[in-house]
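Notes for the one structure printed next.
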Amino acid sequence: MDSTVIPIPDGDQGFADLKEKRKFQVSLSPIVSFFQTNKDSIKKIIHSIKVGSVLVLVSLVKFVDSFCKQVGDDSAMWAIMTVVVIFEFHAGATLGKGFNRGIGTVLGGGLGCIAAILGGQVGGIGKPFIVGVSLFISGGAATYSRLIPNIKKRYDYGVMIFILTFNLVSVSGLREENVMEIARDRLLMIVLGFAICICTSLFFFPIWASDEIHDSMVSKFEDLASSIEGFTGEYFRLAGDKENQPVHPVASFRSCLSMLSSKAKDESLVNFAKWEPWHGKFGLFNPWEKYQKIGEVLRELAATILSLKGSLDSSEEPLQALRESIKEPCEAAGSSLAWTLRELGESIGKMRRCQPELFIAPKLRLVRQRLGQIMSEKLDTAEELSIACFVLSLMRVAEKLQGLAKEVEELGELAAFNRS
């Protein structure tokens with residue numbers, strides 16, 4: 001009977017391989033940590049490299065003699081100007097600006113050529129008169145459209161380019177006879193610059209506004225949860241502890257303040273995200289308006305949480321015993337509110353539908369019921385006003401969380417999140 005020899009690996013060799021593997025993993029951990037902590041700076045460096053590369057690529061057009069002779073040196077500069085003007089940090093912003101510039105250039109150049117041709121047909125003193133009237137009408141109408149909120153929000157840059165292009169083309173027609181060729185050459189160079197910008201922005205390390213608005217929304221939920229825990233824990237610290245460690249939850253305070261001033265940034269990111277194509281986990285018709293609505297509710301919630309800070313400064317000794325009596329239910333309420341915020345934020349981060357009626361709504365009703373009992377049983381005198389304000393602020397937070405849970409639920413339905 002044949003025997004089979006089974007090779008047994010050397011124990012020392014296997015241990016050495018495992019040790020080497022662990023050593024490799026440990027050596028990579030600082031690099032991974034560096035990239036995670038400096039993510040924003042790395043994105044800025046990548047964007048700067050992309051802009052520099054595109055400028056070099058577009059500038060090479062000036063060195064192609066045959067091409068420059070065909071379109072002219074002046075027209076070739078428009079490709080460089082297009083790159084400088086429309087290449088933005090986010091891919092959606094670049095797409096939006098490029099689209100606006102293209103539409104504004106085509107409409108302004110086309111109508112400008114028509115105005116110049118009509119002026120040339122009239123001739124004499126009627127030529128500047130026709131051009132002047134067309135400038136007045138187009139400039140006034142376009143400027144009025146820029147004052148309309150819906151147009152200003154998404155198409156303000158395109159209208160401005162329309163005014164600029166119309167003026168340049170129509171006025172050039174007063175002196176130049178080949179205005180159509182000039183408009184054609186400039187449009188060709190603008191399209192060239194636009195195409196290079198879009199390809200670089202979308203296909204080489206793209207920076208998506210949709211990812212940023214999504215991630216920042218999730219982090220806001222965590223910041224608010226930490227703020228509630230911080231303010232609640234600080235409020236029930238003993239007066240002696242506050243004297244020895246006079247530290248307020250500064251980080252929580254700053255995170256709430258920064259959230260209150262985030263409206264303009266959120267609106268810009270939402271506007272950029274609307275221009276972005278389908279990518280990753282976001283489709284073409286993602287409900288970005290709902291993200292904006294949730295951001296507004298979070299800012300209102302941050303303002304309510306900040307009202308808790310006013311209660312931290314009132315540390316009267318006679319009320320310390322009363323604080324101790326309500327410490328346990330209030331801390332439990334704060335923990336429940338923080339859990340609710342983290343649960344809602346996690347549902348958005350993992351893109352799964354939350355079910356507020358099953359888990360969140362009963363917990364919030366219980367919180368409001370317990371806080372209501374504290375108000376009715378223990379806080380009924382004027383001396384206890386400061387503590388009553390603290391409890392009322394917690395109740396307002398619970399009320400706003402109920403509305404926030406409904407908004408998150410609607411977001412899950414509109415965005416077709418996965419069911420839990």
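Here are a few things to note about the model shown:
- Hey, LEU107 open to solvent by 70 Å² or more (accessible area, probe 1.4 Å) and either within 25 Å of SER268 (Cβ to Cβ) or modelled with pLDDT of 90 or more (or both) or not: yes
- Qualifying positions in the stretch 121-144 - under 32 Å from the mean Cα position of the chain (by Cα) and exposed (fewer than 14 other Cβ atoms within 10 Å of the Cβ): THR143, TYR144
- Selection within the stretch 260-274 - open to solvent by less than 50 Å² (accessible area, probe 1.4 Å) and in contact with a Gly (Cβ under 8 Å, 6 or more places away or on another chain): SER262, ASP266, ASN271, ALA273
- Check on ARG299, charged (D, E, K, R), surrounded by 13 or more Cβ atoms within 10 Å (Cβ to Cβ) and at pLDDT below 85: no
- For the stretch 277-289, a residue qualifies if it is in a helix (DSSP H, G or I) and either open to solvent by less than 30 Å² (accessible area, probe 1.4 Å) or farther than 30 Å from VAL397 by Cβ (or both), and exactly one does: TRP288.
- Sole residue being among the hydrophobic types (A, V, I, L, M, F, W, C) and farther than 23 Å from ARG184 by Cα, chosen from ILE114, ILE161, ILE137: ILE137
- Residue check, LEU118 assigned by the TED database to the domain that holds ILE190 and open to solvent by 50 Å² or more (accessible area, probe 1.4 Å): yes
- Verdict on LEU308 being in the same structural domain as PHE221 (by the TED database), modelled with pLDDT of 90 or more, surrounded by 13 or more Cβ atoms within 10 Å (Cβ to Cβ) and touching a helix residue (DSSP H, G or I) at 6+ places or on another chain (Cβ under 6 Å): no
- Check on ILE207, in a helix (DSSP H, G or I), surrounded by 17 or more Cβ atoms within 10 Å (Cβ to Cβ) and either modelled with pLDDT of 85 or more or not aliphatic (A, V, I, L, M) (or both): no
- Selection within the stretch 116-141 - at pLDDT 85 or above and of a type in the set (Gly, Ala, Ser): GLY132, SER134, SER138, GLY139, GLY140, ALA141
- The stretch 325-352: number of residues that are modelled with pLDDT under 85 and either over 17 Å from ALA398 (Cβ atoms) or assigned to a loop (DSSP other than H, G, I, E, B) (or both): 2
- Residue check, VAL169 open to solvent by less than 50 Å² (accessible area, probe 1.4 Å), aliphatic (A, V, I, L, M) and within 30 Å of LEU257 (Cα to Cα): no
- Checking GLU88 against (1) at pLDDT below 90; (2) among the charged types (D, E, K, R); (3) open to solvent by 40 Å² or more (accessible area, probe 1.4 Å), the condition it does not meet: (1)
- For the condition assigned to a helix (DSSP H, G or I), farther than 27 Å from GLY92 by Cβ and open to solvent by 40 Å² or more (accessible area, probe 1.4 Å), ILE151 does not qualify.
The values are calculated or read from the model by the stated rules, or taken from the named source; none is laboratory data. In this text the structure is predicted, and so the values were computed from the model without any measurement. Counting neighbours? That spans all protein chains shown, and the Cβs are built from the backbone with ideal geometry, glycine included. Quick note on the areas: whole protein, heavy atoms, side chains included, nothing else; ligands and nucleic acids left out. Shrake-Rupley method; radii C 1.70, N 1.55, O 1.52, S 1.80 Å.
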